[in-house]
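A.B. asks: There's a structure below that I have some questions on.
The values are calculated or read from the model by the stated rules, or taken from the named source; none is laboratory data. Computed from a prediction, not measured in an experiment: that's the story for all the values here. Note: ideal-geometry Cβ built from the backbone for every residue, glycine included; neighbour counts use all protein chains shown. Side chains included, ligands, DNA and RNA excluded: accessible areas come from the protein's heavy atoms. Shrake-Rupley method; radii C 1.70, N 1.55, O 1.52, S 1.80 Å.
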Amino acid sequence: MCGIIGYIGPRNGTEVVIDGLKKLEYRGYDSWGIAIKGNPSLSVHKQVGKISDFDDLASLPPSSVAVGHTRWATNGSVTKANAHPHTCCRGKVAVVHNGIIENFQELKQELRSHHFVSETDTEIIAHLIEDNLSAGMHFKDAVTNALTRLEGRFAVVAVSADSKNVVAARKGSPLVIGIGKDEYFIASDIPAFLEHTRDVIFLDDGDVATISDGISFTDFEGGVVHREPVEITWNVEQASLNGHEHYMIKEILEQRSTVGLAVDQDDAKVLKVAKMINEAYGTFFIGCGTAGKVGLVGSYIFSTVAKKHVNAVVGSEFPSYHDFLTPKTLLVCISQSGETADTLEAIEVAKKKGCKVVSIVNVMGSTMLRMSDEYILCNSGPEKAVCSTKVTTAQIALLTLLAYACVGRLEEGKRLLNSVSLKLDVMLDGQYLDEIRFLAKKLAGHESMYIIGRGLNYPMALEGAIKMQEVPYIHAEGFAGGELKHGPIALIEDGTPCIALVANDGVKNEILINALEIKSRGGFIIGISPKDNDIFDFWIPVPDVAIASPIVNIIPIQLLSYFTALEKNCDPDKPRNLAKSVTVK
Ligand code: G6P
């Protein structure tokens, strides 16, 4: 949610920042802006709309220092005035920010002698810094002191017309520094500068980085901190479209290999986490959105394979369980970004009770990963489309692997998942895509649709509904097949599309009966199943992969979501109102 990129070095920073903003657009795309350091002035340029629509670089002055921001509105509507960067009264200090400042109204009251031009919480930071500079502080101290006044989560980068330093700090929202040759990049996320360097320093909470022709780190009290760069493994091809029209289809198709990559783990690590689960007294799978549905499917997988009860709870609801937490409780947090605020809060609540935390995340260096006692990486490469696809199936694969590891059958789990990976490679061919595109043409004219599943595939019905909501904006709902007769069946009319997820498992006959009940009331049944059936009006075949059916069953719905979005002229990578990384509660 909101993307930050800054540059200090010998190149044209304006160009680097505009380019970096385009790469970060998945974090927010309602408006954008850039502060460009001149000598001795700052110029700020802002626009409502997507940075990807901007192609007039020549209209912006070149500079070796620039800081930019792409916004997903939280405090204040989508206007040019509310776009970042925000400046102080004299326009000498500019600030970009990702996060929420909870005490901003109180601080704004205190700063009432200042002239505010936006409705945002961010603007108070520029004015606080201004006051500190007027009191005689150096820029770095003025920024650091201002930050100590803020309550909430933030990643902030501040630049001044009068100082050669750029100051970056974080508390709860991500910030990573790319180290090039005599140049520095500051960003919310690695893809912003991946083409320039793979040497990075992840800021920790409470870190302040001061950057000019060198870099130094302190804490918020000014104490010196040492941070060493690490080399990250992602490459530019992974973070670019690589010939595809959209990231969403690129990432869906990457599932030909990402399930296999997810399973390619250090056995010792998997066994260690399995041991933690086995020794815990109360395990919770926590995630938000799609990751929450992965947690739910994980609870079914653990029940079936490991004969273990696991609670699946969405991040925002978890704090309400705090009364049941003990030092023997284990949280397994599932997240693509590792930055989702509600899941991070769940960890904070759990840590206060002495619980242990494991995270299953895709982003190296993310906050969640660093708050956890142990972690497993999804190995999926960067996921840039707002809706999660390849990381979803990687996470399901990892929970499956862990379930097998918990009962001493790790090798069997690996064999199963590697065979799934091979089958996906065969499944996702051109003809398969054409068939789903054909179905998408039929679906595009419908306002509502339903998805049913049972057992392992009930959570996938819920996840499928998310996919059809977030990208083609269809009112889709997922139900447990058994719940149909308790209400939802009243919604079925002649021609209502309904997807039935029919795996070759113990609930196959029941879900087929549910599909028939819908068909008998005029519903149009799309069966996702290894075998065709007379009940299906349209059949989407998937391989028969036993317990791994949620992995293969969700992929056709991802494709359907993508192609239906194209039919409806919706942008699959940047759906309205959504952001990839939800860093506010
Ligand atoms: C947003 C994204 C979803 C994602 C959810 C959780 O809503 O649009 O695709 O599932 O956040 O994100 P996380 O990074 O924790 O997996």
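A.B. asks: Would you point out which residue out of Asp199, Asp205 is more than 17 Å from Lys22 (Cα to Cα) and at pLDDT below 95?
C.D. replies: Working: Asp199 fails: at pLDDT below 95.
After ruling out the rest, the residue left standing is Asp205.
A.B. asks: Within the stretch 211-304, considering only helices (runs of 4 or more DSSP H) that don't extend past its boundaries, which have at least 3 residues that are modelled with pLDDT under 95 and away from the ligand (no atom under 16 Å from the Cβ)?
C.D. replies: Numbers: elements: 236-239, 247-253, 255-263, 267-279, 290-301.
Fully inside the stretch 211-304 and qualifying: 236-239.
A.B. asks: Take Lys585 and decide whether it is assigned to a loop (DSSP other than H, G, I, E, B), more than 18 Å from Thr258 (Cβ to Cβ), touching a residue at least 12 places away in the same chain (Cβ under 8 Å) and of a type in the set (D, E, K, R).
C.D. replies: On the way: assigned to a loop (DSSP other than H, G, I, E, B): yes; more than 18 Å from Thr258 (Cβ to Cβ): yes; touching a residue at least 12 places away in the same chain (Cβ under 8 Å): yes; of a type in the set (D, E, K, R): yes.
Considered against the rule, which asks whether it is assigned to a loop (DSSP other than H, G, I, E, B), more than 18 Å from Thr258 (Cβ to Cβ), touching a residue at least 12 places away in the same chain (Cβ under 8 Å) and of a type in the set (D, E, K, R), Lys585 comes out as yes.
A.B. asks: Consider Arg27 carefully, then state whether it is at pLDDT below 95 and in the same structural domain as Ala158 (by TED's automatic domain parsing). Before the answer, list the steps.
C.D. replies: Details: at pLDDT below 95: yes; in the same structural domain as Ala158 (by TED's automatic domain parsing): yes.
So Arg27 passes the test.
A.B. asks: Oh, and also: Is the stretch 310-324 home to any residue that is open to solvent by less than 10 Å² (accessible area, probe 1.4 Å) and within 16 Å of the ligand (Cβ to nearest atom)?
C.D. replies: yes
A.B. asks: In this structure, is Ser335 surrounded by 24 or more Cβ atoms within 10 Å (Cβ to Cβ), among the hydroxyl-bearing types (Ser, Thr, Tyr) and under 16 Å from Leu398 (Cβ atoms)? Please lay out each step first, then the result.
C.D. replies: Details: surrounded by 24 or more Cβ atoms within 10 Å (Cβ to Cβ): yes; among the hydroxyl-bearing types (Ser, Thr, Tyr): yes; under 16 Å from Leu398 (Cβ atoms): yes.
Yes: the conditions hold for Ser335.
A.B. asks: Please state which of the following conditions Asn39 fails to meet, knowing it meets all the rest: (1) of a type outside the set (A, V, I, L, M); (2) in contact (Cβ under 8 Å) with a residue 12 or more places away in the chain; (3) within 30 Å of Glu183 (Cβ to Cβ); (4) part of a loop (DSSP other than H, G, I, E, B).
C.D. replies: Among (1) of a type outside the set (A, V, I, L, M); (2) in contact (Cβ under 8 Å) with a residue 12 or more places away in the chain; (3) within 30 Å of Glu183 (Cβ to Cβ); (4) part of a loop (DSSP other than H, G, I, E, B), the lone unmet condition for Asn39 is (2).
A.B. asks: Can you spot a residue in the stretch 484-498 that is out of contact with any His (no Cβ under 6 Å at 6 or more places or on another chain), modelled with pLDDT of 95 or more, farther than 14 Å from Ile518 by Cβ and not assigned by TED's automatic domain parsing to the domain that holds Val297?
C.D. replies: no
A.B. asks: Taking the residues in the stretch 78-105 that are touching an Asp or Glu at 6+ places or on another chain (Cβ under 7 Å) and open to solvent by less than 60 Å² (accessible area, probe 1.4 Å) as candidates, determine which candidate is nearest to Ser212 (Cα to Cα).
C.D. replies: This residue is Val93.
For (1) buried (at least 24 other Cβ atoms within 10 Å of the Cβ); (2) within 14 Å of the ligand (Cβ to nearest atom), each residue gets a yes or a no:
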site: Thr326; (1), (2): no, no
site: Ala341; (1), (2): no, yes
site: Lys352; (1), (2): no, no
site: Cys387; (1), (2): yes, yes
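Yes/no per residue for (1) open to solvent by less than 10 Å² (accessible area, probe 1.4 Å); (2) basic (Lys, Arg):
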| site | (1), (2) |
| --- | --- |
| Ile396 | yes, no |
| Asn418 | no, no |
| Arg437 | no, yes |
| Tyr458 | no, no |
| Ile466 | no, no |
| His475 | no, no |
| Gly478 | no, no |
| Glu483 | no, no |
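A.B. asks: Has the stretch 525-545 got any residue that is open to solvent by 10 Å² or more (accessible area, probe 1.4 Å), within 16 Å of the ligand (Cβ to nearest atom) and assigned to a loop (DSSP other than H, G, I, E, B)?
C.D. replies: The answer is no; no qualifying residue exists.
A.B. asks: Residues that are touching a helix residue (DSSP H, G or I) at 6+ places or on another chain (Cβ under 7 Å) and within 23 Å of Met1 (Cα to Cα): list the strands (runs of 3 or more DSSP E) wholly contained in the stretch 87-186 that include at least 2 such residues.
C.D. replies: Details: elements: 93-101, 152-160, 166-171, 176-179.
The strands (runs of 3 or more DSSP E) meeting that bar are 93-101, 152-160, 166-171.
A.B. asks: Which pairs do you get when a residue that is among the hydrophobic types (A, V, I, L, M, F, W, C), found in the stretch 485-500, comes within reach of a residue that is open to solvent by 40 Å² or more (accessible area, probe 1.4 Å), reach meaning Cβ atoms under 7 angstrom, with the pair 6+ apart or on two chains?
C.D. replies: As it stands, the answer is Ile489/Arg521; Ile492/Arg521; Cys498/Phe524, since those pairs meet every condition given.
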